[in-house]
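Contents: one structure, followed by commentary.
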Amino acid sequence: MKNRTPTHLSILGTSLLAAGAAWAQTQTQPTQPAQSTPSMPATQSTTSAPPATLPTPGAANNSPGASGATFNTTQGQVIINSTVPPAPSTASPPSFTQLANGKKYITKDDANAYPPLANDFLYVSHNGNRISKAQYERWIKDLN
C-alpha cells in the first residue's frame, strides 16, 4: 500500500483554504466600532475622515453615451468620466480574393489588412490558422 499522507494533507489544506476564503467573504463588516477589552483602553481618533459622498450619475459629463460620477473625499473632489467609443465601421468589407491574395484561404497576416477580421480571426477560423472562402462569407453574413 502506498503512503498517501502528503497528497491527503495537500487536499485537506487546499479545501480548508477555500472554505476559509468563502467564509471570510460572507462575513459582514461591523457598523459599530468594536468594544475594547479591559486590558486595552479605548482610544478616540482626533482626525476623523468624513465618508465619501454617494456618486451623482451623469453630473460630470452631459454628452450622449457618456456617464460620470463625482465623489467628495478628504483629499478633494474626484470626478470620474466614462464614455463608450464609437463602433468601427464595417460597411464594406473587402472581397475574399482581395484578402487572400490569389490563395484559396486567408491567413492571420492576410486578415491584418482588415482589422475587424483580424479581431475575429480565431472565431472565424474555428481556432485554426486559415479562413476558407465559405467561412469568410458566413462571417460577412453574420457581420451585417
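Does A113 satisfy the criteria of being aliphatic (A, V, I, L, M), modelled with pLDDT under 85 and closer than 30 Å to R130 by Cα? If you could, list the steps in order and put the result at the bottom.
Values: aliphatic (A, V, I, L, M): yes; modelled with pLDDT under 85: no; closer than 30 Å to R130 by Cα: yes.
Taking the combined requirement at face value, the residue does not satisfy it.
Okay, residues lined up against (1) at pLDDT 70 or above; (2) over 31 Å from the mean Cα position of the chain (by Cα); (3) farther than 30 Å from Y136 by Cα:
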position	(1), (2), (3)
Q35	no, yes, yes
N72	yes, no, yes
P85	yes, no, no
N101	yes, yes, no
T107	yes, no, no
> Can you tell me which of Y114, Y105 is outside the structural domain of A66 (by TED's automatic domain parsing), closer than 30 Å to A66 by Cβ and either surrounded by fewer than 16 Cβ atoms within 10 Å (Cβ to Cβ) or free of Cβ contacts under 8 Å to residues at least 40 places away in the same chain (or both)?
Replying inline: Y114
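The values are calculated or read from the model by the stated rules, or taken from the named source; none is laboratory data. None of the values given here were measured: they were computed from a predicted structure. Positions of Cβ are backbone-derived with ideal geometry, glycine not excepted, and every protein chain shown enters the neighbour counts.
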